[in-house]
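J.: Before anything else, here's the structure in question.
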Amino acid sequence: MSNIEETLDPEDWERTRKLAHEMIDDAIGHLDTVRERGVWNEMPDTVRAHFDTSVPTAPQDLETVYKELRENLLPYSMGNIHPRFWGWYMGSGSFTGALGDFLAAVDGSNLGGGNTAAAAMDSQVVDWFKEMMGFPATASGTLTSGGSMANMVAHTIARNAKAGVNVREEGILAMPQPLRFYASDQVHSCHQKALETLGLGAKSLTSVPTDDHQRMDITALEQAITDDISAGIKPACVIGTVGTTNTGALDDLNAIAKLCQKYEIWFHVDGCIGAFLRIAPKHRHLCDGIELADSIALDPHCLTSALMGPNSVI
Ligand SMILES: Cc1ncc(COP(=O)(O)O)c(C=O)c1O
C-alpha cells in the first residue's frame, strides 16, 4: 500500500509558483494592451471546435490547461473590458477586483456563517453599504451573486411582508388577495422573472408608463394602485429604479416613498446601476429618498447586495 498522501495540492509548488507568476504577468499585459486590440474578435470555427469535445478522462498538467485558455478563451471575450465597448450596458470589473476574487478563493471560507474573518468582513461591507445608503444600523443585508438575485431576495421579503398570511408556512395559495408589484416600463427584466419564480406570476407586475425623461409617471402609478384596490387586489410593492438599464433614468424616490406610506406598500429600490450615486459629493441629491426604501438592491460592480430595512425578515 502506498504511503503517499492523496491531496489536491500541486505536485510541484515551485513549478506552480512560476506558472502563477506568469499568469499574473500575462493578465497585466492583457489589460495594459487592451487599447491596441479590437473590441470584438470573432471566434474561428477551429477554436469553437475546442468547446465541443467529450469529457476529458486523462489528467493534463496546468501548463497545458493554461495554454488552452490563453489561446482559445482570452482572445474571444465579450469585449466589455475595452474602453470602446459601447454596445450594451455591461460592467468591466477591475484588476483589483480580479486580485480580490483570487485571494477570496485562496482564503476559501464558506460564508454561510462561521466565526471567520471573511464572515466578519462580509458583514462589515454590508454595514458600510447601509451607512452609505442612510439605512439604520438595525437594517440587515446580504451579498449576492448579482443584481437579479438581490432583487429576488428583496421581492421575497416584500411578498412575505404583504401576503396577509405566513407564506413560508402556508404557501402562496393561502394568500387572501392577489398581490401587485409596480415598476416603470423601463425596469430590468429580472423583476418579472423574480415574480414568476416566487409564484406570483408575470401579471403581478404592473408596468407604469414613463415621462419624457424615462422616469416613472407618479400620477399613473397612483391611478394603478387605486384601480387595483377597487378591484380587490392588494398593492404590495413599488419598485423605484435608480439608474435604468436603457438610459440611466432616475425615478422620483421621494414621491414613490410618499405613495408607499399612504397606501402601506413596500418600497423597493433597484439601485443596481445608480445607488452609489448616493456617495457622489455633487450629485447625491439625485437619489434623495433612497434612505426611505424598505429594501435596496445595489451593485458596486464587483459584488451585489440586498439591503433590508429594520422590520424585514427573510
Ligand atoms: C437596473 C438593473 N437591475 C438589475 C440587473 C440585473 O443584474 P445581474 O445581471 O447582475 O443579475 C441589471 C443588469 O443589467 C440592471 O441594469
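J.: From the P(r) of segment 13-106, could you give the percentage of C-alpha pairs in the tail past 15 Å?
T.: Everything past 15 Å amounts to 71 percent.
J.: Round to a whole angstrom and tell me the spacing of the C-alpha centers of segment 126-187 and segment 274-291.
T.: Cα centroid to Cα centroid, the span is 21 Å.
J.: Taking a temperature of 4 °C and a viscosity of 1.567 mPa s, what whole-number D in µm²/s does Stokes-Einstein yield for segment 118-308 with Rh from Kirkwood over alpha carbon pairs?
T.: Rounded to a whole number, D works out at 78 µm²/s.
J.: What does the extension gain come out to for residue 223 and residue 18, with contour length at 0.36 nm per residue minus their alpha carbon separation?
T.: 67.2 nm
J.: Let me ask something else about it. When the helix-only estimate is applied to the chain (DSSP H runs of n ≥ 4, each -39,500 (n - 2.57), divided by the residue count), what is the mean residue ellipticity at 222 nm, nearest 500 deg cm²/dmol?
T.: -11500 deg cm²/dmol
J.: Next up: How far, in degrees from 0 to 90, does helix 13-32 lean away from the longest principal axis of the Cα atoms of the chain, to the nearest 10?
T.: 60
J.: For segment 118-308, what does the relative contact order come out to in percent, with C-alpha contacts under 8 Å and a separation of six or more?
T.: 26
J.: Please rank 251, 32, fewest neighbouring Cβ atoms within 10 Å first, as an exposure proxy.
T.: 32, 251
J.: Let me ask you something else. Note down the nm distance, to one decimal, between modelled labels 7 Å out along Cα→Cβ at residue 172 and at residue 11.
T.: In this crude label model, residue 172 to residue 11 measures out at 5.3 nm.
J.: Another question about this same structure. Rounded, prolate or oblate for segment 1-55? Axes are the square roots of the Cα gyration tensor eigenvalues, ordered a ≥ b ≥ c, and the cut-off for rounded is a/c under 1.5.
T.: Judged from the Cα gyration tensor, segment 1-55 comes out oblate (a/c at least 1.5, b/c at or above a/b).
J.: In addition: How high is the relative contact order of segment 249-308, in percent, counting Cα pairs under 8 Å that sit 6 or more residues apart?
T.: After rounding, I find 35 percent.
J.: Also, quick follow-up: Which pairs, out of 130/203; 234/258; 203/282; 67/193; 130/193, put more than 28 Å between their alpha-carbon atoms?
T.: 130/203; 203/282; 67/193
J.: Here's another thing I want to ask about it. Would you work out the relative contact order for segment 13-106, in percent, from Cα pairs under 8 angstrom that are 6 or more residues apart?
T.: The normalised contact order for segment 13-106 reaches 33 percent.
J.: Can you give the % of DSSP beta bridges in segment 118-308 that are antiparallel, to the nearest 5?
T.: Counting only bridges with both partners in segment 118-308, antiparallel ones make up about 40 percent.
J.: Based only on other Cβ atoms within 10 Å, what is the fewest-to-most ordering of 234, 18?
T.: The fewest-first ordering by Cβ neighbours comes to 18, 234.
J.: What's the extension gain from residue 32 to residue 73 if we count 0.36 nm per residue and subtract their Cα-Cα distance?
T.: 13.0 nm
J.: Sticking with this one: What is the angle, in °, between the Cα long axis of helix 218-230 and the longest principal axis of the Cα atoms in the chain? Nearest 10 is fine, range 0 to 90.
T.: 70
J.: Taking the highest mean first, how do the peptides 115-124, 240-249 order by number of other beta carbon atoms within 10 angstrom per residue?
T.: Top to bottom by mean Cβ count within 10 Å: 240-249, 115-124.
J.: Please give the helix 253-263 orientation as an angle from the longest Cα principal axis of the chain, in degrees from 0 to 90, rounded to the nearest 10.
T.: Helix 253-263 sits at roughly 50 degrees to that axis.
Throughout, read-outs are computed from the coordinates displayed, never taken from laboratory work. All figures in this text were calculated on a predicted structure; none of them were measured in a lab. No Cβ is skipped: glycine too gets one built from the backbone with ideal geometry, and neighbour counts run over all protein chains shown.
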